[in-house]
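The values are calculated or read from the model by the stated rules, or taken from the named source; none is laboratory data. Note that the coordinates shown come from a computational prediction; the quantities given were computed from them, not determined experimentally. Please note: Cβ atoms are built from the backbone with ideal geometry, for glycine as well, and neighbour counts cover all protein chains shown.
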Ligand SMILES: Nc1nc2c(c(=O)[nH]1)N[C@H]1C(S)=C(S)[C@@H](COP(=O)(O)OP(=O)(O)OC[C@H]3O[C@@H](n4cnc5c(=O)[nH]c(N)nc54)[C@H](O)[C@@H]3O)O[C@H]1N2
Ligand SMILES: Nc1nc2c(c(=O)[nH]1)N[C@H]1C(S)=C(S)[C@@H](COP(=O)(O)OP(=O)(O)OC[C@H]3O[C@@H](n4cnc5c(=O)[nH]c(N)nc54)[C@H](O)[C@@H]3O)O[C@H]1N2
Ligand code: SF4
Ligand SMILES: [Mo]
């Protein structure tokens, strides 16, 4: 008899909350997904997206067997083949390419559709290292901000979010937490209820989070660094800084004090669109409330100047000595605490040619169209670049190349998969063994298979084992089991926070917390071991050593600044192809200020054409006061169902941000006009 019942599980999606889940299983199928009330942070609450996960798992369009393309690229016509034929087709093509063009003609393209360590960055890395394929710079998400934060703070280490119930001032800075980090909102609301905490949101859009904040501060896109410098100006001028903290734990506060004199509130107001009065109010609130906490979002770092934004904001808590107080400080990302042994997990030693070229994933279209020597094959897994990557028309044009051999491994026939020569079906995370570490809270969780693999689908790790065999790779590393890989990943004495966490203890406890100690008093991983308000390393790397406002690059002659952000009911493009989630989200809208709409004869609910030098989209206008004049915002990475022009990345730039090779999704400009229909 099949085991029935309720099984502990973990949400695999690329979301900071990484909720504990309970899967209800009947007759071998997941029939219900709910929150695990025993998870110390997520406590049984989960988002609507994942509460409806069973609809996705058993969606009639889920892939069940390998296929080969029989129609034109992009047309979506495929025919069933066996796994043997699929692996044979791929490996024979790759063997020829390695011989004739060299291994760098093959490009892996992946991201975190499933956050599991073994499946997202384990066996795949071993395989592509051994193959000698082009390397992918996985910089689409938070890399600019991570590098910026590291310059100031030495690594991805912030405070424990559980401590934020003690925070009296919570600044959500460019994070739509009600949609993208719901348990941070829950903790903030707890602080508000019990200790009267104030929640402030600084954003370009009065979205779901703006509506629950006590104070919403609208700001012009890409200008936050100036606002932070204006706050610093006031903190120093009005002596609201903590000199003993600055002396003991920072370098460069004297230089910073002099440097920020130039950022007077009048000038900052002109740059940011925030009134002088509000700049003073915010600075005084920040300077006199303790503990205060800043949750630094991903939005403002998706700009040309995004690295410098995070570098700058992360200096603020030091100025008022917040890091020493429970509930004071900041979080950009906390992935440092549970960092595993990537040397053992990914085996970089298998990559013989250390000069192997690196392709920035944000420039995929450009790479497919112009890389020299050309990319001849691409293997996509855990990502949907035809929808999520910038300069979408270039990406799709690249994918149409007849001489490009594309393999896509996914649960669905995504927009990207429609261009594939070979499509492989992927298991869901609930069918696999893996480990999950959050980049916000400090827990690690093991996932063990709850249901059997769906149809003929296979996990990423299994497919790479098969590919390695097909390529004739004889290293025993390609035969390591999932359990063995977990043991290797967690064997990391260099990370003291992992103490006591190993395969056995995880199987036993399922959820474990990093062995954390407060960051301060203590030494950071910066060169000075202190918070670097002045950074010699930045200077050496060609950046201003002190936080500096650098305006966005002028992106063509279009009147509106275009912000295509994530939405509530999808997770990037995941769920954009599931009817349940589409019906929850309804349709993509373009939020516009009333004054702009009136000037262009656009009314609420009108269909509008949104275009620039890169392409065009058709969206529905939502007219009101949710955005400042000159700014338009849309939410969600929609698929182009039935030819609707909804793929917003058609309009986004593939310029690279100031740091970390980061993306600049939010630094583009567009024109907007009403579509008149014949009656
Ligand atoms: N529901 C849902 N949850 C998600 C995701 C999803 O798609 N849907 N995606 C997941 C992933 S991969 C990530 S990286 C995170 C991202 O989640 P967040 O950290 O919330 O980042 P974004 O949603 O990209 O942007 C946050 C906010 O930044 C604002 N913004 C844009 N430009 C600026 C600016 O110049 N200044 C300021 N102050 N604000 C600006 C946008 O209006 C948006 O409200 O969420 C994760 N969680
Ligand atoms: N305009 C705009 N564009 C953006 C953003 C934005 O805010 N605005 N956000 C950017 C950010 S922050 C990110 S992180 C990226 C995210 O972009 P992606 O990483 O591409 O994320 P998803 O769109 O969720 O696609 C993940 C895919 O992985 C598949 N998948 C899930 N689990 C598995 C598995 O175990 N194996 C395999 N083989 N496949 C699996 C899913 O079915 C899905 O098709 O998008 C970026 N693009
Ligand atoms: S998507 Fe985020 S909020 Fe939703 S269940 Fe997963 S981790 Fe939790
Ligand atoms: Mo992301």
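Which one of these is buried (at least 24 other Cβ atoms within 10 Å of the Cβ), on the phi > 0 side of the Ramachandran plot, in the same structural domain as residue 101 (by TED's automatic domain parsing) and in contact with a helix residue (DSSP H, G or I) (Cβ under 6 Å, 6 or more places away or on another chain): 415, 391?
Working: 415 fails: on the phi > 0 side of the Ramachandran plot.
That would be 391, the only listed residue that is buried (at least 24 other Cβ atoms within 10 Å of the Cβ), on the phi > 0 side of the Ramachandran plot, in the same structural domain as residue 101 (by TED's automatic domain parsing) and in contact with a helix residue (DSSP H, G or I) (Cβ under 6 Å, 6 or more places away or on another chain).
From the residues in region 331-363 that are out of contact with any strand residue (DSSP E or B) (no Cβ under 6 Å at 6 or more places or on another chain) and within 16 Å of ligand 4 (Cβ to nearest atom), which one is farthest from residue 185 (Cα to Cα)?
In this case the residue turns out to be 362.
Residues that are surrounded by fewer than 19 Cβ atoms within 10 Å (Cβ to Cβ) and within 15 Å of ligand 2 (Cβ to nearest atom): find the strands (runs of 3 or more DSSP E) completely inside region 42-143 holding 1 or more of those. Write out each step before concluding.
Numbers: elements: 67-69, 78-80, 106-110, 135-137.
Because the criterion is at least 1 residues that are surrounded by fewer than 19 Cβ atoms within 10 Å (Cβ to Cβ) and within 15 Å of ligand 2 (Cβ to nearest atom), the strands (runs of 3 or more DSSP E) in region 42-143 that meet it are 135-137.
Of all the residues that make up region 567-581, how many are more than 7 Å from ligand 2 (Cβ to nearest atom) and closer than 12 Å to residue 388 by Cα?
Residues of region 567-581 that are more than 7 Å from ligand 2 (Cβ to nearest atom), as a first pass: 567-570, 575-581.
Next, only the ones that are closer than 12 Å to residue 388 by Cα stay: 576.
Of the residues in that region, 1 qualify.
Does region 557-564 contain at least one residue that is within 13 Å of ligand 2 (Cβ to nearest atom), assigned to a loop (DSSP other than H, G, I, E, B) and crowded, with 21+ Cβ neighbours inside 10 Å?
Step one: filter region 557-564 for residues within 13 Å of ligand 2 (Cβ to nearest atom), giving 562-564.
From what's left, assigned to a loop (DSSP other than H, G, I, E, B): none.
No: zero hits.
So which helices (runs of 4 or more DSSP H) stay within region 248-305 end to end and still have 1 or more residues that are in contact with a strand residue (DSSP E or B) (Cβ under 7 Å, 6 or more places away or on another chain) and touching a residue at least 24 places away in the same chain (Cβ under 8 Å)? Break it down into steps so the answer makes sense when it comes.
Numbers: elements: 253-259, 265-272, 276-288.
Output list reads 276-288.
Given the options 151, 65, name the one that is modelled with pLDDT of 95 or more, away from ligand 4 (no atom under 16 Å from the Cβ), in contact with a helix residue (DSSP H, G or I) (Cβ under 7 Å, 6 or more places away or on another chain) and on the phi < 0 side of the Ramachandran plot.
Numbers: 65 fails: in contact with a helix residue (DSSP H, G or I) (Cβ under 7 Å, 6 or more places away or on another chain).
Result of the check over 151, 65: 151.
Considering region 288-315 alone, what residues qualify as being surrounded by fewer than 21 Cβ atoms within 10 Å (Cβ to Cβ) and in contact with a helix residue (DSSP H, G or I) (Cβ under 8 Å, 6 or more places away or on another chain)? Please lay out each step first, then the result.
In the first step, residues of region 288-315 are kept if they are surrounded by fewer than 21 Cβ atoms within 10 Å (Cβ to Cβ); the result is 288-290.
Within region 288-315, just 290 meets the criteria.
Go through 360, 334 for me and flag whichever is farther than 17 Å from residue 524 by Cβ and surrounded by fewer than 24 Cβ atoms within 10 Å (Cβ to Cβ). Walk me through it before giving the result.
Numbers: 334 fails: farther than 17 Å from residue 524 by Cβ.
Selected residue: 360, the only one of 360, 334 that is farther than 17 Å from residue 524 by Cβ and surrounded by fewer than 24 Cβ atoms within 10 Å (Cβ to Cβ).
Residues that are surrounded by fewer than 21 Cβ atoms within 10 Å (Cβ to Cβ), in the same structural domain as residue 220 (by TED's automatic domain parsing) and more than 21 Å from residue 292 (Cα to Cα): does region 235-251 have at least one?
yes
Provide a single number: the residues in region 254-287 that are surrounded by fewer than 14 Cβ atoms within 10 Å (Cβ to Cβ) and under 21 Å from residue 221 (Cβ atoms). I'd like the intermediate steps shown before the answer.
Applying the first criterion (surrounded by fewer than 14 Cβ atoms within 10 Å (Cβ to Cβ)) to region 254-287 yields 254-255, 258, 261-262, 266, 270, 275, 277.
Right, trim to under 21 Å from residue 221 (Cβ atoms) and you get 266, 270, 275.
Counting residues in region 254-287 that are surrounded by fewer than 14 Cβ atoms within 10 Å (Cβ to Cβ) and under 21 Å from residue 221 (Cβ atoms) gives 3.
Condition first: within 14 Å of ligand 1 (Cβ to nearest atom), closer than 17 Å to residue 169 by Cα and in contact (Cβ under 8 Å) with a residue 60 or more places away in the chain. Can you find one or more residues in region 236-243 that meet it? Quick ask: steps written out before the conclusion?
Let us first name the residues in region 236-243 that are within 14 Å of ligand 1 (Cβ to nearest atom), namely none.
No.
Does residue 98 fit the bill of being outside the structural domain of residue 294 (by TED's automatic domain parsing), within 16 Å of ligand 4 (Cβ to nearest atom) and farther than 21 Å from residue 385 by Cα?
no
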